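Chemist: Pasting a structure below so you can have a look.
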Amino acid sequence: MNIPYYIECILKERKITDLLRSRGIFPAKQLGNKILYHCPLHEGDNDPSFMVFTDKEYENYYCFSCHSGITVINLLSELDGISTRQATKNLIKGLDIKEQDVIESIVKYLKTNKVLNNSNILGELSLKISVNCYNYLQELSFDQEESDFLDKFFKLIDHLVTVNDISTLQEIYDILVEYGIPKRVEKYLEKQEQRIIQSNVNKEQWLKI
């Protein structure tokens, strides 16, 4: 089922990141095109679990702790404790669409279409991979070369989530933790050592001139 034009307008024009910013809620971490927040929908979210996906045609979200998710319409509804119908009315203000075209179908659409795959297993694996990669980059002071590598890596992860490939995701996570990240850290340190050695060689050559 395709997204009706007027719903598509809401999802494209009303960004989740803008809504959160307007409520004084700011990112805790950024992982490529994914942004992590402390969840505004439940208390005690000390380890950020609310992820906004910004690399799609329109933003969607999922909280890996309280399992809330999908669209900006759902988020506004939960934030303000109002119905999906009322949230839709609030979001279409200022847009060039008619209220009567939207209201009757929005609830049915959101119930029958999952914008975000909210399988707990897929979600938890994706989050674990993302957090491990973020911590890895943090350890390397966000080295640009490694950041570029992980941007490409995250595209693969996004694809696996989209096609519900749990087994491959699990395999990647196991390899990443047990072998992948330690090996890349080792290679990174080797490269840094070679740069230092080369820098010292260059200094010695200049001193001889």
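What follows is calculated from the coordinates using simple rules that are stated; it is not laboratory data. Predicted, not measured: the structure shown is a model, and the values here were computed from it. Heads up, the Cβs are rebuilt from the backbone with ideal geometry, glycines too, and the neighbour counts pull from every protein chain shown.
Chemist: Efficiency by 1/(1 + (r/R0)^6): what FRET value for Leu41 and Gln138, r their Cβ-Cβ distance, R0 = 25 Å, to the nearest 0.05? Mind showing how you got there, number by number?
Modeler: Numbers: r = 26 Å, r/R0 = 1.05.
According to the calculation, E is roughly 0.40.
Chemist: Calculate the FRET efficiency for Glu178 and Asp80 from the Cβ-Cβ distance with a Förster distance of 45 Å, rounded to the nearest 0.05. Write down the numbers at each step before the final one.
Modeler: On the way: r = 44 Å, r/R0 = 0.99.
The pair Glu178/Asp80 has a calculated efficiency of 0.50.
Chemist: Using modelled amide H (1.01 Å from N, peptide plane; none on Pro or chain starts), what sits under 5 Å from the amide H of Leu31, excluding residues fewer than 5 places away?
Modeler: Leu36
Chemist: Hey, any idea what Rg/Rh is for the stretch 1-54, computing Rh the Kirkwood way over Cα pairs?
Modeler: On the way: Rg = 13.2 Å, Rh = 12.5 Å.
My calculation puts Rg/Rh at 1.06.
Chemist: Give me a comma-separated list of calculated 3J(HN,Hα) values for the stretch 146-155, in order, Karplus coefficients 6.51, -1.76, 1.60 applied at θ = phi - 60°, integers in Hz, x for any Gly or Pro.
Modeler: Result, ordered by residue: 6, 4, 5, 4, 6, 4, 5, 4, 5, 5 Hz.
Chemist: Another one. Take Phe142, Phe153 and order them by how many other Cβ atoms sit within 10 Å, fewest up front.
Modeler: Details: Phe142 10, Phe153 17.
Least crowded to most crowded, the residues run Phe142, Phe153.
Chemist: Within a 10 angstrom radius of the beta carbon, how do Thr162, Thr88, Thr54 rank from fewest other beta carbons to most? Walk me through the intermediate numbers first.
Modeler: Details: Thr162 11, Thr88 23, Thr54 17.
Sorted ascending by nearby Cβ count, the order is Thr162, Thr54, Thr88.
Chemist: Then there is this: How would Arg184, Arg21, Arg14 line up from fewest to most surrounding beta-carbon atoms within 10 angstrom?
Modeler: Details: Arg184 17, Arg21 12, Arg14 22.
So the residues, fewest neighbours to most, are Arg21, Arg184, Arg14.
Chemist: Follow-up question, since we're still on this one. Compute the Rg/Rh shape ratio of the stretch 5-112: radius of gyration over Kirkwood radius, all on alpha-carbon atoms.
Modeler: Details: Rg = 13.8 Å, Rh = 14.3 Å.
Reported Rg/Rh, Kirkwood definition of Rh: 0.96.
Chemist: Per residue of the stretch 128-133, in order, report the coupling 6.51 cos²θ - 1.76 cosθ + 1.60 (Karplus, θ = phi - 60°) as ³J(HN,Hα) in whole Hz, putting x for Gly and Pro.
Modeler: Taking θ as phi minus 60°, the curve returns 4, 4, 4, 5, 4, 5 Hz for the stretch 128-133.
Chemist: Here is a follow-up. What does the charge count near Thr17 come to, summing +1 for each Lys or Arg and -1 for each Asp or Glu among other residues with Cβ under 14 Å from its Cβ?
Modeler: Working: positive: Lys12, Arg14, Lys15, Arg21, Arg23, Lys29, Lys34, Lys56; negative: Glu13, Asp18, Asp55, Glu59.
It works out to a net charge of +4.
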